[in-house]
Amino acid sequence: MDRAPQITVLGAGSWGTALALLLARNGARVTLWGYLREEVEQLQSARENRAYLPGHPFPGNLQSTSDLEAAIKGADEVLVAVPSHAFRQTLEGLSPLLSDATPLSWATKGLEPQTGELLHNVAREILGAHRPLALVSGPSFAKEVAAGLPTAVTVAATEAGHGERLADYLRSDCFRAYTSDDITGLEVGGAAKNVMAIAAGIADGLGFGANARAALITRGLAEILRLAQALGGRQETLIGLGGLGDLVLTCTDDLSRNRRMGLALARGLGIDEARAEIGQEVEGIMAAREIHHRAQTLGIEMPLTEQTHRVLYQGLDPRSAAHNLFMRSPKAENA
């Protein structure tokens, strides 16, 4: 493509804004769409996202709008970065407006609430089976991407050419994008790591120490692998950036909202109080419910997920959850 690509990013939260900044800095013409008109007007007048990423001014080739039809007109790529609970609604609004030739990608991490469905299946249901689809996922805090700090992610796509184009849009001297064809594995890794981050936050908040954190991350990865492989994902994806990499990041750094949720629960706060303190969506709360249900349906053992689900949805005391994990029957590590 000789001209600068025209890319639309749907979702003006921290992650959508960070990706829009990255793409615009790479030379693309970027439109950032937000659902709320008042918030978008503030973005456009301030020329930065003061609510989520203050101090990172918008380049001249980054514009914002709340008009969905205008946002996607002429787009070479539509990249969705809304929370998982808004994914279906966003695609349903997009469907009648989107050209048959326009590929779709997303950077949303989670499963569909209530159904527990993987998001690529939701996209196929709404947009048809033949549209090129891709997912961007990996260890990537929005604040660090916006600041231009070194980051590496994975782009998994249904068509290799689409995946490579999207990865190329993202690549810069501080942002590396690898490609894959394992959308399922990448989706499971991005959703399930949020549940483990809540568990890690609880463990650290209770003062359990570094040994416990390392054990939790390792056993958490084992759970994620079991679920991903049962759904058709591949092991190599889960020991890569979108699995192990994202898991380590979100379990160990306090930029992680899910980890901060666990820390708040360990302090005795309720979910609503913790949400208010964090001030942004915490994907692991809904993911814990959906992943727990999928694991039960598939007959997969996911004890960390189960105990985190009980803390979140059944009022189990976090210390009791930890006790339950240590009192499980002995077993071989790789059984």
(request) Just name one of 52, 157, 169: the one whose Cα is farthest towards the positive end of the charge dipole of region 6-181 (beta-carbon charges, Lys/Arg +1, Asp/Glu -1). (result) 52
(request) Name the most mobile residue of 93, 148, 34, meaning the one with the largest mean-square fluctuation, in a Gaussian network model of the chain with Cα contacts below 10 Å. (result) 93
(message) Could you derive backbone 3J(HN,Hα) for region 97-107 from the dihedral phi with the Karplus parameters 6.51, -1.76 and 1.60 (θ = phi - 60°), listing whole Hz in sequence and x where the residue is Gly or Pro?
(response) 9, 8, 4, 4, 8, 7, x, 10, 9, 8, 10
(message) Below 8 Å, C-alpha to C-alpha, sequence gap of six or more: please give me the relative contact order for the chain in percent.
(response) 14 percent
(request) Please tell me the relative contact order of region 6-181 in percent, rounded to the nearest whole number, where contacts are Cα pairs under 8 Å and at least six residues apart. (result) 20 percent
(request) Please identify which residues in region 5-40 have an amide N closer than 15 Å to a label point set 7 Å out from the Cα of residue 147, following the Cα→Cβ vector. (result) 18
(message) For region 185-327, what does the relative contact order come out to in percent, with C-alpha contacts under 8 Å and a separation of six or more?
(response) 32 percent
(message) About the Cα centre, and with charges only on the beta carbon of Lys, Arg (+1) and Asp, Glu (-1), how big is the dipole of the chain? Nearest 20 debye, please.
(response) 620 debye
(request) For the chain, find the longest principal axis of its Cα atoms and tell me its angle to the long axis of helix 160-170, 0 to 90°, nearest 10. (result) 80 degrees
(message) Could you tell me how many cubic angstrom of Cα convex hull volume region 192-275 has per residue?
(response) 83 Å³
(message) Could you work out how much longer the chain between residue 300 and residue 114 gets when fully extended? Use 0.36 nm per residue separation minus the Cα distance between them, nm to one decimal.
(response) 65.1 nm
(request) Report, to the nearest whole %, how much of the accessible area of the chain belongs to carbon and sulfur atoms, 1.4 Å probe, protein only. (result) 49 percent
(request) Could you order 286, 261 by accessible surface area, starting with the largest, using a probe radius of 1.4 Å? (result) 286, 261
(request) Please figure out what share of the DSSP beta bridges in the chain is antiparallel and state it in percent, rounded to the nearest 5. (result) 20 percent
(request) Taking all protein chains together and a probe of 1.4 Å, list 56, 323 from the most accessible to the least accessible. (result) 323, 56
(message) Counting only helical runs of four or more DSSP H residues, what would the 222 nm mean residue ellipticity of the chain come to if each run contributes -39,500 (n - 2.57) and the total is spread over all its residues?
(response) -15500 deg cm²/dmol
(request) For region 155-289, report the accessible area per residue in Å² (1.4 Å probe, heavy atoms, rounded to an integer). (result) 38 Å²
(request) Sort 67-73, 311-317 for me by packing, meaning the mean count of neighbouring Cβ atoms within 10 Å per residue, highest on top. (result) 67-73, 311-317
(request) Treating cross-link reach as a plain straight distance, find the aspartates and glutamates whose alpha-carbon is under 13 Å from the alpha-carbon of residue 331, omitting any fewer than eight places away in the same chain. (result) 301
(request) Have a look at 235, 134, 330 and report the one farthest towards the positive end of the charge dipole of the chain, computed about the Cα centre with Cβ charges (Lys/Arg +1, Asp/Glu -1). (result) 330
(request) Would you mind checking the tilt of helix 303-313 against the longest principal axis of the Cα atoms of the chain, expressed as 0 to 90 degrees and rounded to 10? (result) 80 degrees
(request) Please find, in a Gaussian network model of the chain (springs between Cα atoms separated by less than 10 Å), the residue of 310, 319, 294 whose mean-square fluctuation is greatest. (result) 319
(message) I'd like the orientation of helix 209-231 relative to the chain: the angle between its Cα long axis and the longest Cα principal axis, in ° from 0 to 90, rounded to 10.
(response) 70 degrees
(request) Among 321, 244, 195, flag the residue with its Cα farthest along the positive direction of the charge dipole of region 185-327, charges on Cβ as +1 for Lys/Arg and -1 for Asp/Glu. (result) 321
(message) Springs between alpha-carbon pairs under 10 angstrom, Gaussian network model over the chain: which of 121, 26, 211 fluctuates most?
(response) 211
(message) What distance in nm lies between label points placed 7 Å from Cα along the C-beta direction at residue 121 and residue 230?
(response) 1.3 nm
(request) Describe numerically, in nm with one decimal, the distance between label points set 7 Å from Cα along Cα→Cβ at residue 313 and at residue 129. (result) 3.1 nm
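The values are calculated or read from the model by the stated rules, or taken from the named source; none is laboratory data. Quick caveat, the model's predicted, so the values are computed rather than measured. Quick reminder, even Gly has a Cβ in these numbers, built from the backbone with ideal geometry, and neighbours come from all protein chains shown. Calculation scope for accessible area: heavy atoms of the full protein, side chains included, ligands and nucleic acids excluded. Shrake-Rupley method; radii C 1.70, N 1.55, O 1.52, S 1.80 Å.
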